[in-house]
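All remarks here apply to the structure that follows.
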Amino acid sequence: MLKIYSTMSRKKETFKPMQGNRVKLFVCGPTVYDDSHIGHARTYISFDIIARYLQYRGYSVFYLQNITDIDDKIINRASELGVAPLDLARKFEKRYLEDMRALGVDHVNLHARATEHIPEIIAQIETLIEKGFAYETDTGVYFDESKFPDFGKLSRRNIQDLNIHRVNPDNTKRNPGDFALWKKRDEEPFWDSPWGNGRPGWHIEDTAITEEYLGQQYDIHGGGLDLIFPHHEAEIAQMESVSGKAPMVRYWMHTGFLNVQGEKMSKSLGNFITIQDMLEKHDPETFRFFVLSTHYRSPIDFSETALEQSKNSLERIYKLIETIDEALESDIPQSNDNDADLNDKLTEIKKQFIGAMDNDFNTPKALSVVFNYIRDVNRELDEANISKSILIGIKNFLMEFGAVIGIDFKRRICADDKTRDLLEVIVEVREKLREKKDWELSDHIRSKLKELDFILEDK
RNA sequence: GCCAAGGUAGCUUAGAGGCGAAGCGGUGGACUGCAGAUCCAUUACACGUGAGUUCAAAUCUCACCCUUGGCUCCA
């Protein structure tokens, strides 16, 4: 039975989709004004694994993500660079999508741009005005926080506290905490609206997009911890006011922050790492493993040593797959007396794996289950007490596990055909030397190959 | 100030009243010409401090110490 921790209740709740086994999942996408960083990667890998696991458990998942391609940050950055805001947004959207592909994050079914949903945004704002939740001033249209008493229910704050902290109150607003639905602007880019030229506020694009594709109520809404307030709070206020229905979503899921060597990642500290920077030094698989070795809600600390540990741990799984493949090509028996026991064991491990993941996607626990099993399998292999039929079952399980965490354990071979042929020749020659017990020269070849990043291991 | 999350072996992380965790790393052994991988053993009487509840506390309660984060730019 799958349980999901919901930020709304601050408890693990039994997961039950609104509609049979269909899961409607929305995760807040990036504002595309700069390259994505490894914190984004953490969040989107986490939700990628969550979507994958839901599918593994038999749910039919529709995973929707917005692209915020109109926003003050985009406009500011574009004017610094002297380019058109929408051109800048397209450029970074493209880079974002490339980064995600490189990381194996590929379970989003639909990306929806804010600027392609202006009519839906305007319609929602009109409804909010009609229902008395929003009002127009000289500078824009604002959501009237005082009309939505539930404001703050997700972040557990009260409106009084919030009003103290408002930094630059727009003095046309009724309450300091009221937030913009529509900003009246005559500078590009702007769209025509019932309130004149302008552009949407920050929060409205998500509710317009989710209402369009998922409806007024849906199953899971995800994002980084930093979005709880004010972004998700504003979304709830907008959507529940528009629809008159609550809750807007049944499960609110938030990922913890990624820190760099114990500190928050920020440009001023000089520890800001983009996904592209990170991928120059590390495999995407290593980074995915690093992400899933910590629970998605906990903070995770990025460091070179942590990545090194992840790389080495991951190696253990690759190694076992290789060993199994070799065993399958050898002349071990198709089946033996030990099969029944080992089959039971495998069934038990699968159960434990599902048990771990069903507990709010506890990937570290799932890993420990898998690693425990790997040691057992290695022992059986060492004792040569295992049949082909069992090995096939084990390999299938490992590959299935890989599919859930988004890592293909079939090792990628990067070398081209010619290089591979050349390596074959070298290995063959070295084998001859070893037959002649010319250890000095064969060790020399092995160490030279290692300098070129080819690891040669004798049986 | 207000609100969170956390302090578990050398490192990274799970667990959340009884059955002593997983990986990485170190050391020793088996195997190997050597190395690597693998296995075994060990590092390891693990749970921030002090009190309390309990037959039983890493887990519950209280106090305290420390760390990090949020408080309308944020994944």
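The values are calculated or read from the model by the stated rules, or taken from the named source; none is laboratory data. Just so you know, these numbers come straight off a predicted model, no measurement behind them. Reconstructed Cβ throughout: ideal geometry from the backbone, glycine too, with neighbour counts over all protein chains shown. Please note that ligands, DNA and RNA were not included when accessible areas were found on the heavy atoms of the full protein model with its side chains. Shrake-Rupley method; radii C 1.70, N 1.55, O 1.52, S 1.80 Å.
Worth a mention:
- Filter result for A:Thr347 (over 25 Å from A:Lys11 (Cα atoms), part of a helix (DSSP H, G or I) and near RNA strand B (Cβ under 10 Å from one of its atoms)): no
- Taken together, A:Ser303, A:Ser298 contain a single residue that is under 15 Å from A:Ile38 (Cβ atoms) and not assigned by TED's automatic domain parsing to the domain that holds A:Lys388, which is A:Ser303.
- Restricting A:Tyr218, A:Tyr213 to residues that are surrounded by fewer than 23 Cβ atoms within 10 Å (Cβ to Cβ) and within 22 Å of A:Arg22 (Cβ to Cβ) narrows the list to A:Tyr213.
- A:Asn359, sole failed condition from (1) in contact with a strand residue (DSSP E or B) (Cβ under 7 Å, 6 or more places away or on another chain); (2) open to solvent by less than 10 Å² (accessible area, probe 1.4 Å): (2)
- Checking each residue in the stretch A:324-336 for being farther than 13 Å from A:Leu398 by Cα and either part of a loop (DSSP other than H, G, I, E, B) or open to solvent by less than 60 Å² (accessible area, probe 1.4 Å) (or both) picks out A:Ala327, A:Leu328, A:Ser330, A:Asp331, A:Ile332, A:Pro333, A:Gln334, A:Ser335, A:Asn336.
- Pick from the stretch A:52-91, criterion assigned to a loop (DSSP other than H, G, I, E, B) and in contact with a strand residue (DSSP E or B) (Cβ under 6 Å, 6 or more places away or on another chain), ranking: farthest from RNA strand B (Cβ to nearest atom): A:Tyr59
- Filtered residues of the stretch A:92-113 (kept if surrounded by fewer than 14 Cβ atoms within 10 Å (Cβ to Cβ) and out of contact with any strand residue (DSSP E or B) (no Cβ under 8 Å at 6 or more places or on another chain)): A:Lys94, A:Glu98, A:Arg101, A:Asp106
For (1) open to solvent by 80 Å² or more (accessible area, probe 1.4 Å); (2) modelled with pLDDT under 90; (3) more than 10 Å from RNA strand B (Cβ to nearest atom); (4) among the small types (Gly, Ala, Ser), each residue gets a yes or a no:
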site: A:Ile118; (1), (2), (3), (4): no, no, yes, no
site: A:Glu126; (1), (2), (3), (4): no, no, yes, no
site: A:Asn163; (1), (2), (3), (4): no, yes, no, no
site: A:Ala208; (1), (2), (3), (4): no, no, yes, yes
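- Residues being outside any strand (DSSP E or B) and open to solvent by 10 Å² or more (accessible area, probe 1.4 Å) - total across the stretch A:230-256: 8
- Among residues of the stretch A:316-345 that are within 12 Å of A:Ile390 (Cα to Cα), those with a Cβ under 9 angstrom from a residue that is part of a helix (DSSP H, G or I) and open to solvent by 70 Å² or more (accessible area, probe 1.4 Å), sequence gap 6+ or separate chain, pair up as A:Ile324/A:Ile392; A:Leu328/A:Ile392.
- Whichever residue in the stretch A:410-448 is in contact with a Lys or Arg (Cβ under 9 Å, 6 or more places away or on another chain) and not acidic (Asp, Glu) and, among such residues, is most open to solvent (accessible area, probe 1.4 Å): A:Ile413
- Of residues in the stretch A:257-292 being among the charged types (D, E, K, R) and at pLDDT below 90, the one least open to solvent (accessible area, probe 1.4 Å): A:Glu263
- Considered as a group, the residues in the stretch A:92-135 that are in a loop (DSSP other than H, G, I, E, B) and hydrophobic (A, V, I, L, M, F, W, C) include one that is nearest to the chain's Cα centre (by Cα), and that residue is A:Val105.
- Where a residue in the stretch A:437-459 is closer than 16 Å to A:Glu322 by Cα and its partner, wherever it lies, is surrounded by 11 or more Cβ atoms within 10 Å (Cβ to Cβ), with Cβ under 6 Å and at least six apart: A:Leu456/A:Arg446; A:Leu456/A:Leu449
- Scan the stretch A:20-37 for residues that are modelled with pLDDT under 95 and not in a loop (DSSP other than H, G, I, E, B) and the total you get is 2.
- Pick from the stretch A:168-197, criterion farther than 14 Å from A:His117 by Cα and of a type in the set (Gly, Ala, Ser), ranking: surrounded by the fewest Cβ atoms within 10 Å (Cβ to Cβ): A:Gly196
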